[in-house]
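Asker: Provided herewith is a single structure, encoded as structure tokens, for subsequent inquiry.
Please treat every number below as a calculation from the coordinates, not as lab data. It should be emphasised that the depicted structure is a prediction, and the values quoted were computed from it without experimental measurement. Glycine also receives a Cβ, built like all others from the backbone with ideal geometry; neighbour counts cover every protein chain displayed.
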Amino acid sequence: MSSYQSDKATSGPQGSGSNKPSQGWRALAGSTRLKQVTLVVMAVLLLALPRLISSGYWMRVIDIAGLYVMMALGYNLMFGYTGLFNLGFAAYFAIGAYTYAMLASPLHGMHLAFVIVLPVAVALASLASYLLGIPSIRLVGDYLGLVTLAFAEILRILVNNLKFTNASYGIMNIDPIRLPFFALRTVRDYYYLILLLCVAVYFVIKRLEQSRIGRAWMAIRNDEEAATTAGVDTRGMKLLACAIGVAPVGLAGAIFASMQTFVSPESFTSRETWLIIAMAIVGGLGNADGAVLGAILLTLLPEPLRGTPLESARILFYGLLLIIFSLFRPQGLLPRRQGTEKDEAEQKI
């Protein structure tokens, strides 16, 4: 009797211990299944959104939110992953928009197809950022920010005065994007294109984050001297981040020009840069999901103030939000993973 009880006592913990791996696999499978269900529900809602919203005004706001998602993802790559403080994103937005406008409008008598104009707009924005980075990439922090801010202001002044860009009059009658047998003319038509581009940009940036290049960027952000010691070409990686980080911004500018059918220098002030920065910070620097969330929230939440006596206070809303997050939640709504990130960057480069 006593031996039986002792055997049972010793076998109990072993049996419960043997169930721990199976319980862990069940928990993992359950979380994976939950993520899959969540993704399916989100995909269905996003695809059905134009049918659920009858207001053309709110559809345009959602389209603009999609453009900001692309730009916030680009800024998150530059500052959140690499630590490059860039205040010139409005300039790259303008380069993308004006490239499309000048190559697909009556201004210069050119009406090139969008499959040609879009890559050119993205390439010119990336090239401008890369060339600016060559002399300024050694600067850090506020000094790099001042250089990029000056570049954005110089470009805006040039666009506002050059006859080549039609100066302050802007460019009108810009061609919409034309697909085979179909032209995108309404905000509902553009919604699916913007959604597709947002998914593509998000996927590319997530793949870069998990790649050797992404780990090199994060190593530079954490400790540039240590990254150099580990054999990372910090200058080359920074220039690569400059070129890739603004590519979604140039793309968003081209889509913006085609959707609005009109661009002018007033659309590309430094306010756009500060808004993109606020989106990335509120969402969470170093996290692509946070950039998406921040862009959506900061585009949609202040919109009810438009057309009211508080409309001019929307910019104050962004500033107040930045102050609150800086004081109480500097890591943002969805902070990047902590703990293992620096170790992974140092070990896998």
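Asker: Using bins 5 angstrom wide from zero, how does P(r) for region 57-194 break down, in % of all Cα pairs?
Answerer: P(r) over region 57-194, rounded to whole percents: 2, 9, 15, 19, 20, 16, 11, 6, 2, 0.
Asker: Amide H of VAL246: which non-local residues (sequence gap of 5 or more, or other chain) have their own amide H closer than 5 Å, using H built in the peptide plane?
Answerer: none
Asker: Which value results for Rg/Rh of region 144-291 when Rg is the Cα radius of gyration and Rh the Kirkwood radius based on the inverse mean 1/r?
Answerer: 1.03
Asker: Given just the C-alpha atoms of region 259-311, how large is their convex hull per residue in cubic angstrom?
Answerer: 115 Å³
Asker: Then there is this: Could you tell me which trypsin sites (Lys or Arg not before Pro) in region 156-201 are loop residues by DSSP with no more than 15 other beta carbons within 10 angstrom of their beta carbon?
Answerer: For trypsin sites (Lys or Arg not before Pro) across region 156-201 that sit outside H, G, I, E and B with at most 15 neighbouring Cβ atoms in 10 Å, the list reads ARG185.
Asker: For region 139-202, what does the convex hull of the Cα positions come to per residue, in cubic angstrom?
Answerer: It is 168 Å³ per residue.
Asker: MET237: net charge of surrounding residues, Cβ under 13 Å, Lys/Arg +1, Asp/Glu -1, itself excluded?
Answerer: Residues close to MET237 contribute a combined charge of +3.
Asker: Can you work out the Karplus-derived ³J(HN,Hα) for every residue in region 234-239? Use 6.51 cos²θ - 1.76 cosθ + 1.60 with θ = phi - 60°, whole Hz, and x for glycine or proline.
Answerer: For region 234-239, the Karplus-derived couplings read 4, 5, x, 5, 5, 5 Hz, x marking Gly and Pro.
Asker: With a 10 Å cut-off between alpha carbons and a GNM built on the chain, which of GLN260, GLN36, GLN210 moves the most?
Answerer: The residue with the greatest mean-square fluctuation here is GLN36.
Asker: Ignoring everything except DSSP H segments at least 4 long, calculate the 222 nm mean residue ellipticity for the chain; use -39,500 (n - 2.57) per segment, divide by total residues, nearest 500.
Answerer: Roughly -23500 deg cm²/dmol at 222 nm, from the helical runs in the chain.
Asker: Moving on. Residue-wise, which Karplus ³J(HN,Hα) couplings in Hz belong to region 78-89, taking 6.51 cos²θ - 1.76 cosθ + 1.60, θ = phi - 60°, and x for glycine or proline?
Answerer: Values, residue by residue: 6, 8, x, 8, 9, x, 8, 7, 10, 10, x, 5 Hz.
Asker: On a 0 to 90° scale, report how tilted helix 56-75 is relative to the longest principal axis of the chain, with both axes built from alpha carbons and the result rounded to the nearest 10.
Answerer: Roughly 70 degrees between the two axes.
Asker: For region 46-52, in order, what is each residue's ³J(HN,Hα) by Karplus, 6.51 cos²θ - 1.76 cosθ + 1.60 with θ = phi - 60°, in whole Hz (x at glycine and Pro)?
Answerer: These are the phi-based 3J(HN,Hα) values: 5, 5, 8, 4, x, 7, 8 Hz.
Asker: Which one of TYR68, TYR130, TYR100 has the biggest mean-square fluctuation once the chain is modelled by GNM with Cα springs under 10 Å?
Answerer: TYR130
Asker: Against the globular-protein guess of 2.2 N^0.38 Å, express the Cα radius of gyration of the chain as a ratio, rounded to two decimals. Don't skip to the answer; put the middle values down first.
Answerer: On the way: Rg = 24.2 Å, N = 349, 2.2 N^0.38 = 20.4 Å.
Working it through for the chain, the quotient is 1.19.
Asker: To continue, here is another question. Mind checking the angle between helix 142-161 and the chain's longest principal axis? C-alpha axes, 0 to 90 degrees, to the nearest 10.
Answerer: With rounding to tens, the tilt is 30 degrees.
Asker: Using the alpha-carbon atoms, what tilt in degrees (0 to 90, nearest 10) does helix 187-209 show relative to the longest principal axis of the chain?
Answerer: Between helix and principal axis, roughly 50 degrees.
Asker: Kirkwood hydrodynamic radius, computed over distinct alpha-carbon pairs, for region 237-283: how many Å, to one decimal?
Answerer: Its Kirkwood hydrodynamic radius stands at 12.3 Å.
Asker: Let me ask something additional. Which residue fluctuates most in the GNM of the chain (Cα springs below 10 Å): LEU45, LEU34, LEU316?
Answerer: With Cα springs under 10 Å in the chain, the top fluctuation among LEU45, LEU34, LEU316 is at LEU34.
Asker: Once Rh is set to the Kirkwood radius over Cα pairs, what Stokes-Einstein translational diffusion coefficient, in µm²/s, holds for region 64-114 at a temperature of 4 °C and a viscosity of 1.567 mPa s? Could the numbers behind the result be given before it?
Answerer: Values: Rh = 12.6 Å.
In µm²/s, the coefficient is 103.
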